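Visitor: I am attaching a structure below and will ask some questions about it afterwards.
Bear in mind that the values in this text are calculations on the coordinates, not laboratory data. Nothing here was measured: the structure is a model prediction, and the numbers come from that model. Neighbour counts run over all protein chains shown; Cβ positions are idealised from the backbone, glycine included.
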Amino acid sequence: MRTPTPHPACLPTLLEYLESLLHARLIARFQPEREPKVVPFRVPDDGSPLSEYLLQTTLSVPEQIIIVLALVPEVRPGMLDACLAPYLSAGVDLPAFGGLRGKQHRGVLPTGETALFLLGGDNLPLQLALRELLLPHGTLRQRQIIQLLPPPPGEPPLAGQLIANPEFVERMLTGRTALPDFSPAFPAQRVDTTLDWRDLVLPDRTLKEIGYLRNYLNHYETLADDPKYGRHNRRGYRALFHGPPGTGKTLTAALLGKSVDRPVFRVDLSMVVSKWIGETEKNLAGLFRRAESKGWILFFDEADALFSKRSDVKDSRDKYANQETSFLLQRVENYDGLCILASNFRQNMDKAFTRRFESIVAFYLPDAAERYRLWRNMLPEHLPPGPEVDLTALAHKYELTGASIANAVRHCVYQAVADKKDVLTAPLLHSAIQREYEKEDRLFPAP
């Protein structure tokens, strides 16, 4: 299989075709006595992501041309101005062409009207047919390849600016996918891990449920929209992780993403939930809109803050809170990727929504055998426990979660290095364990 080249050598050819098509439309409008000829649209196969995408997808030629038009401001900002200049004298405008100018971008920015003029010229029936490609149900907008920004109130929808999705542009031009930065517009942070599945110590029943999620991630692209596998196949996948803190919920989410090379984003609920009516829905809608059709895994930690039980309506605030919860449940259910909600207490979640989960994964406090495996996995090879340390006794006596054991080991390692020791002594381990008990305000077992 050929390795894709990062930069699209086909782009100049595609832009030249776009120029020739635009010249043909302008000549037909202003110089009808001439008979311009446009060669058929052809995508050169240069091995770039853009070339491969246009050639290997089921997009129609008009849809492919719309994509090229949306890329114009990114790669050749003055092209539309240069094409229009010979035909439009000072003070003369061409409303059918559409287009607008930005606040900082100096060139003409294409709109939906620009795409219709380019593809349909003055042929109204053809324009009406092509208009369907730019509406929300069109393939390009469904796949989030392009967007039509809202025009000012009272203006036609197709007067909105035509733009290509930033992630799509980055992937087509460089071969990379630019992931969004953490910001109020995208209140979620990437979750990564250097660990692997061997480091996840969980009961078999929990690992079995996680296996169902891995099946989905490994095969959903193959089964998507395939009627052979059942008419009741739903978009996306919803999972609830519930259990005490430190038992592996976040690590599992990170490992799921790592196993299929998909980014995992942990949603910062402090930036989503708002005291102002309607703001929470707005924030969450923007988050899902950005993630839609990307294959990203969304991880809502401590999801009780968003998806808690709906209460009896006693005042207007209760009414709006219930409406807010209902909206959030519906938005999660319509997400086309894997959405994981994590909660310390399953009973805090709305039962009407838990019925819609494809998977409910319980995380438990580790038993003695699991704690022993955690200690063995986490202790560094170059700083082994001293000969007096009995890990079996340690695991049986001290009831710690995986996160607490990791914290204790980290503390011991730093202290041992500071003390220039080459082993982790029993007093050092016991001191670190006592520190974890005190952090959780728990009574430390007597020696």
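Visitor: Volume per residue, Å³, of the convex hull around the alpha-carbon atoms of the chain?
Guide: Normalising the Cα hull of the chain by residue number yields 220 Å³.
Visitor: Which value, in debye to the nearest 20, describes the size of the charge dipole of the chain about its Cα centre when Lys and Arg Cβ atoms bear +1, Asp and Glu Cβ atoms bear -1, and nothing else is charged?
Guide: Computed charge dipole of the chain: roughly 540 debye.
Visitor: Taking the Cα atoms only, what angle lies between the long axis of helix 204-223 and the longest principal axis of the chain, rounded to 10 degrees?
Guide: Once rounded, one gets 10 degrees.
Visitor: Over the chain, with a Gaussian network built from C-alpha contacts below 10 Å, which listed residue (111, 425, 280) shows the highest mean-square fluctuation?
Guide: Maximum fluctuation in the GNM of the chain, among the listed residues, is at 425.
Visitor: Would you compute the Debye intensity of the range 11-174 from its alpha-carbon atoms alone, equal scatterers and no solvent, and pass along log10 I(q)/I(0) at q = 0.14 Å⁻¹ to two decimals?
Guide: Taken in order of the listed q values, log10 I(q)/I(0) reads -0.71.
Visitor: Do the alpha carbons of any pairs in 103/294; 208/351; 208/294; 208/421; 282/351; 249/420 sit beyond 32 Å of each other, and which pairs?
Guide: Violating the 32 Å limit, Cα to Cα: 208/421; 249/420.
Visitor: Tally Lys/Arg at +1 and Asp/Glu at -1 over every other residue whose Cβ is under 11 Å from the Cβ of residue 72; what's the total?
Guide: Local charge sum for residue 72: -2.
Visitor: For the range 368-439, what is the largest minus smallest coordinate of the Cα atoms on each principal axis, given in angstrom and ordered from greatest to least?
Guide: 30, 25, 18
Visitor: Something else: Of the residues 434, 415, 56, which exhibits the maximal mean-square fluctuation in a Gaussian network model of the chain defined by a 10 Å Cα contact cut-off?
Guide: Evaluated over the chain, the most mobile residue of the options is 56.
Visitor: How would you classify the range 328-447 from its alpha-carbon gyration tensor, with a ≥ b ≥ c the square roots of the eigenvalues: rounded for a/c under 1.5, else prolate if a/b is greater than b/c, otherwise oblate?
Guide: prolate
Visitor: Can you return the aspartates and glutamates within cross-link range of residue 37? Criterion is Cα-Cα under 13 Å, with same-chain partners fewer than 8 residues away left out.
Guide: Excluding near neighbours in sequence, the set is 19.
Visitor: Here is a follow-up. Roughly how many Å is it from the Cα centre of the range 122-171 to that of the range 24-103, as a whole number?
Guide: 15
Visitor: Right, another one. Under 8 Å for C-alpha pairs, at least 6 residues apart: give me the relative contact order for the range 11-174, rounded to a whole percent.
Guide: 21
Visitor: Continuing with the same structure: Filter the chymotrypsin sites (Phe, Trp or Tyr not before Pro) in the range 7-57 to those in DSSP coil with at most 16 other Cβ atoms within 10 Å of their Cβ, and list the result.
Guide: 41
Visitor: Also: What net charge do the residues around residue 207 carry, taking every other residue with its C-beta under 15 Å from that of residue 207, with Lys and Arg at +1 and Asp and Glu at -1?
Guide: 0
Visitor: Can you give the angle from 0 to 90° between the axis of helix 279-291 and the longest principal axis of the chain, with both taken from C-alpha atoms, to the nearest 10?
Guide: So the helix axis and the longest Cα principal axis differ by about 80 degrees.
Visitor: Taking the 0 to 90 degree range and rounding to the nearest ten, how far is the long axis of helix 61-75 tilted relative to the main principal axis of the chain, both from C-alpha atoms?
Guide: For 61-75 against the chain, the angle is about 80 degrees.
Visitor: So for each of 150-156, 59-65 I average, over its residues, the number of other beta carbons within 10 Å; can you give me the resulting order with the highest mean first?
Guide: 59-65, 150-156
Visitor: Rounded to the nearest 20 Debye, what is the dipole magnitude of the range 11-174 about its Cα centre when Lys and Arg each give +1 and Asp and Glu each give -1 at the C-beta?
Guide: Computed about the Cα centre, the dipole is about 220 debye.
Visitor: Summing -39500 (n - 2.57) over the DSSP H runs of n ≥ 4 in the chain and dividing by its residue number, what mean residue ellipticity at 222 nm do you reach, to the nearest 500 deg cm²/dmol?
Guide: -13500 deg cm²/dmol, from helical runs alone.
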